[in-house]
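One structure is given below, encoded as C-alpha cells.
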Amino acid sequence: MLLENKVVIVTGGGQGLGRAFALRMAAEGAKIVIAEINAEKAEAVAEELTGLGHKSLALPTDVSDQDSANAMAKATVDAFGQVDVLVNNAAIYYGLEMKPFEEISLQEWQRLMAVNVDGLFLCARAVVPFMRQQGSGRIINMTSGSFHLPVPGISHYITSKGAVIGFTRALACELGEEGITVNAIAPGFTMSEASKVLAGPELAEAIASRQAIKRSEQPEDLVGAMVFLASDDSAFLTGQTLTVDGGTSYH
C-alpha cells in the first residue's frame, strides 16, 4: 500500500472530490482526517471510513479561520502523532451562480478568496511546523483546469484557482530543502455534486466532446494522481501542476 501508516488531512473531505480522495487514500493504508466545515458531513465520511476498517477522525474546520486551521493541525497530531499529507481541497464552488464579473459583489468575491486562497495559506501554515519536525511532508493543492481554459461567468473562481498555482510554485521553492513537497492537481470539468448544480447535462456533454477521452470526468478519475503525489513515488517532484482532464487542455 502506497500510503501505509501515513496521516492525511483532507480539507473539504465531507463530500465530492474530498470524499473520493479520502476513500482511496484510506484504501492505500492512510489514516484520514476529514477537515470539513459541515460537522455532520465530516462525521458521515469518517464513519464510512471506520466502517470499512480504516482509521479516521472528523474535525469541523473553517479553513478561512487561522485558529480553526491551527486547531485542525494540533488535533491531528494529538490523535495520530504526525501529519504527513495536507490535501488543500476545500473551496467555494457548490452553488456558484454564473454571472458577469460586474455583478459579483465585493462581499462575494472576498468570501470566495478567503476560502479558496486564504484557506490554503492558513492550513499550510498550520501543518508545516509539524512537517518540519519530521523532515518530510506533502502538500497537495486543488486548482482547476478552468484557469487554463477559462469560461465566462465565474471570474472570481477562476482567479482564485490561478492563485493556487502561484502559491504552489512559491511554497515549493521555500520548503524543498526541508523535505516538504508542494504540488497541485488541475481537474477538468468533473461531475461532482457542485458541477451538476452549476451546469446541466448538455454542457457536460459538450465539454466531453472536446476531450481526447470522450466521456465526462468523474471524481474517481482524480484519485490516482492524488495518491501518486501523496506517496514517496513523487518524492523528487515539487512545484508542479498535474492536469487531469481527459485531454481537454491540448485537444
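Nothing in this text is a laboratory measurement; each read-out follows from the coordinates by a stated rule. Just so you know, these numbers come straight off a predicted model, no measurement behind them. Glycine also receives a Cβ, built like all others from the backbone with ideal geometry; neighbour counts cover every protein chain displayed.
In this simple spin-label model, placing a label point 7 Å from the Cα along the Cα-to-Cβ direction at both ASN70 and GLN82 gives a separation of 2.5 nm.
The distance between label points at LEU2 and GLU202 comes to 3.9 nm (points 7 Å beyond Cα on the Cα→Cβ vector).
Under the membrane-span-like helix rule (DSSP H runs whose alpha carbons stretch at least 27 Å along the helix axis, mean Kyte-Doolittle hydropathy 0.0 or higher), the chain yields 155-175. In this simple spin-label approximation, GLU177 and SER105 carry label points 7 Å from Cα along the Cα→Cβ vector, and these lie 4.7 nm apart. Rounded to the nearest 0.05, what FRET efficiency is calculated for GLN133 and LEU237 with R0 set to 35 Å and r the Cβ-Cβ distance? Calculated transfer efficiency: 0.95. Over the chain, Cα pairs under 8 Å with separation of 6+ residues give a relative contact order of 19 percent.
Computed packing ranks the peptides 62-68, 31-37, 128-134 as 31-37, 62-68, 128-134, most packed first, by mean other Cβ atoms within 10 Å.
Please give the calculated 222 nm ellipticity per residue for the chain, where each DSSP H segment of at least 4 residues contributes -39500 (n - 2.57) and the sum is spread over every residue; nearest 500 deg cm²/dmol? Using -39500 (n - 2.57) per qualifying helix, the result is -13500 deg cm²/dmol.
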